[in-house]
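A short write-up of the structure that comes next.
Please treat every number below as a calculation from the coordinates, not as lab data. Small disclaimer: the values here were computed from a predicted structure and weren't measured. Using ideal geometry, Cβ is built from the backbone for each residue, glycine included, and neighbour counts are taken over all protein chains shown.
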Amino acid sequence: MEKVVVGITGASGSIYGKRIVEVLVSNSFGVDLIFSRTGKKVFEFETGLKVEEFLDSLPKDLVSVYSEDDLFAPPSSGSYETAGMVIAPCSGGTLGHIASGASLNLIHRSAEVCLKERRPLVLVFRETPISRVHVENMLKVIDAGATLLPASPAFYGKPKEIGELVDFIVEKALKALLNRSFGLSKGWPP
């Protein structure tokens with residue numbers, strides 16, 4: 001079974017991380033899920049679900065959940081094989097830590113492992129407006145091998161609900177991570 005590491009940080013946009021996890025497990029991928037402390041709070045506020053409720057809805061044999069403080073967790077080691085990592089949403093602070101190589105938690109460390117092992121790392125950046133510091137950090141992570149994917153959905157598919165906008169970004173993120181389409185969003189031309 002292929003495994004993907006998913007980080008959910010405290011930026012707005014928890015729905016992206018939630019949907020990525022749902023799509024991965026519905027396609028029989030294993031998920032190593034890491035919430036930051038603030039990520040849990042924002043997730044609960046934005047989705048109206050307790051993190052535990054969400055986790056209870058997922059297949060236990062496919063999802064492993066790790067604390068951001070557990071730097072002994074498998075995703076912190078380069079010898080632990082994964083298909084890569086997606087951080088959705090990725091906050092400006094998380095971007096800065098990854099860009100500087102300053103791993104203070106398991107999300108940062110897992111991203112560092114992906115970069116050093118040359119595994120795909122997709123950062124679904126969800127901050128706006130973007131400062132010069134953000135742009136410099138974006139260039140650093142791109143130069144290091146990450147894919148920076150701003151949460152900027154397209155409207156050419158004429159979305160009728162928020163879920164369609166979310167699926168557009170989720171499809172892009174998973175395509176960048178796994179080089180495969182999951183058929184979630186409407187293509188162009190419509």
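Would you be able to say whether some residue in the range 178-189 is among the aliphatic types (A, V, I, L, M), closer than 19 Å to Val6 by Cβ and surrounded by 21 or more Cβ atoms within 10 Å (Cβ to Cβ)? Checking the range 178-189: not a single residue is among the aliphatic types (A, V, I, L, M), closer than 19 Å to Val6 by Cβ and surrounded by 21 or more Cβ atoms within 10 Å (Cβ to Cβ). Here Val113, Val122 are screened, and the one residue that is over 22 Å from Ser14 (Cα atoms) and either in contact with a helix residue (DSSP H, G or I) (Cβ under 7 Å, 6 or more places away or on another chain) or surrounded by 19 or more Cβ atoms within 10 Å (Cβ to Cβ) (or both) is Val113.
If you take just the strands (runs of 3 or more DSSP E) that sit entirely in the range 30-122, which of them hold at least 1 residues that are free of Cβ contacts under 8 Å to residues at least 40 places away in the same chain and of a type in the set (Ser, Thr, Tyr)?
Correct list: 63-67.
Matching residues to (1) outside any loop (DSSP other than H, G, I, E, B); (2) among the small types (Gly, Ala, Ser); (3) more than 17 Å from Tyr16 (Cβ to Cβ):
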{"site": "Glu127", "(1), (2), (3)": "no, no, no"}
{"site": "Val133", "(1), (2), (3)": "yes, no, yes"}
{"site": "Met138", "(1), (2), (3)": "yes, no, yes"}
{"site": "Ile142", "(1), (2), (3)": "yes, no, yes"}
{"site": "Tyr156", "(1), (2), (3)": "no, no, yes"}
{"site": "Val166", "(1), (2), (3)": "yes, no, no"}
{"site": "Leu177", "(1), (2), (3)": "yes, no, no"}
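Under the condition of being surrounded by fewer than 19 Cβ atoms within 10 Å (Cβ to Cβ), over 16 Å from the mean Cα position of the chain (by Cα) and more than 14 Å from Ile15 (Cα to Cα), the residues counted in the range 131-170 number 17. Assess whether Lys18 counts as being over 27 Å from Gly78 (Cβ atoms), touching a residue at least 12 places away in the same chain (Cβ under 8 Å) and under 12 Å from the mean Cα position of the chain (by Cα). It is true that Lys18 is over 27 Å from Gly78 (Cβ atoms), touching a residue at least 12 places away in the same chain (Cβ under 8 Å) and under 12 Å from the mean Cα position of the chain (by Cα).
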